[in-house]
Amino acid sequence: MDLKIAGRTALVTGASGGLGLAIARGLAAEGVKVAVSSRSSERIEAAAETIGHGAVPLVCDMTDHKARAALVDEAASRLGPLDILVINSGGPPSGPFESHDDRRFAAALDEHLGGAVALTRSALPSMRERRWGRILTITSCMLKQPAAGMILSNVARAAVAAFVKTCANESARDGVTVNNLLPGYTLTGRIAELSGQMAETTGRSAGDVIGDWEAQIPVGRLGTPEEFAAAAAFLCSEQAAYITGISLSVDGGWNRGLF
């Protein structure tokens, strides 16, 4: 399928590895001019090199309010006005409610909801004016089925989803779609990190933790970043113009709910 986005411009945050990098690669393969960002200059420059297609590396720490407010303009100055914005960031620390103080809750909400608000505020006006745009936030399958020991992620992701739905309704008539993409258990460094943390907590091996996750997935395995990136590229495409305000799970059937 021709996604009809060749020549478009995109910014993908949190793209030095994992899902962000896979999405950037997928968009670049479709002919999109891509800027990628991360807090590490060394890692994002290496990522841009692997993406090829003239990918532009940008350094931005999403906890830095000034830096994130300027990121969209920086990308646009290198590529031209942004058509596609993919907002991705690493997940908050795991652990039960009692293990997190107020500062951790505030930090999780600021990085995830605050980051999405800041980037959307910068990108949306130009998209609406040009009557074409795609904004995609990457959250978690736990948005629809909150997981034990993941309270910071559960809360922050839900807040982002409410923001996405509201923005989608407000900008739909201007040709801008705003959607939320929910990864399930996928073969990334984040999975290694989480399985290690949970192994420490439970006294089991990381392999056993991953095995438990696989047993919960009807497909019977963890997903790949490339499978997730294919869904992201479609939602950023011309063909997805009638899809907005959704939270789409890419989780191998892990979520047992109807929606």
*Can you find a residue in segment 101-110 that is without any contact (Cβ under 8 Å) to a residue 24 or more places away in the chain and among the basic types (Lys, Arg)?*
yes
*Check SER153 against each of (1) out of contact with any Pro (no Cβ under 8 Å at 6 or more places or on another chain); (2) buried (at least 22 other Cβ atoms within 10 Å of the Cβ) and name the one condition it does not meet.*
(1)
*Is it true that THR139 is out of contact with any Asp or Glu (no Cβ under 6 Å at 6 or more places or on another chain) and either surrounded by fewer than 19 Cβ atoms within 10 Å (Cβ to Cβ) or β-branched (Val, Ile, Thr) (or both)?*
yes
*Name the residues in segment 164-185 that are in contact with an Asp or Glu (Cβ under 8 Å, 6 or more places away or on another chain) and either among the hydroxyl-bearing types (Ser, Thr, Tyr) or assigned to a strand (DSSP E or B) (or both), would you?*
LEU182, PRO183, TYR185
*Give me a count of the residues in segment 48-60 that are surrounded by 14 or more Cβ atoms within 10 Å (Cβ to Cβ) and either acidic (Asp, Glu) or outside any strand (DSSP E or B) (or both).*
5
*Could you list all residues from segment 127-150 that are touching a Gly at 6+ places or on another chain (Cβ under 8 Å), modelled with pLDDT under 95 and in a helix (DSSP H, G or I)?*
CYS141
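The values are calculated or read from the model by the stated rules, or taken from the named source; none is laboratory data. What you see is a predicted model, and the numbers here were worked out from it, not measured in a lab. Ideal geometry is used to build each Cβ from the backbone, glycine not excepted, and the neighbour counts take in all protein chains shown.
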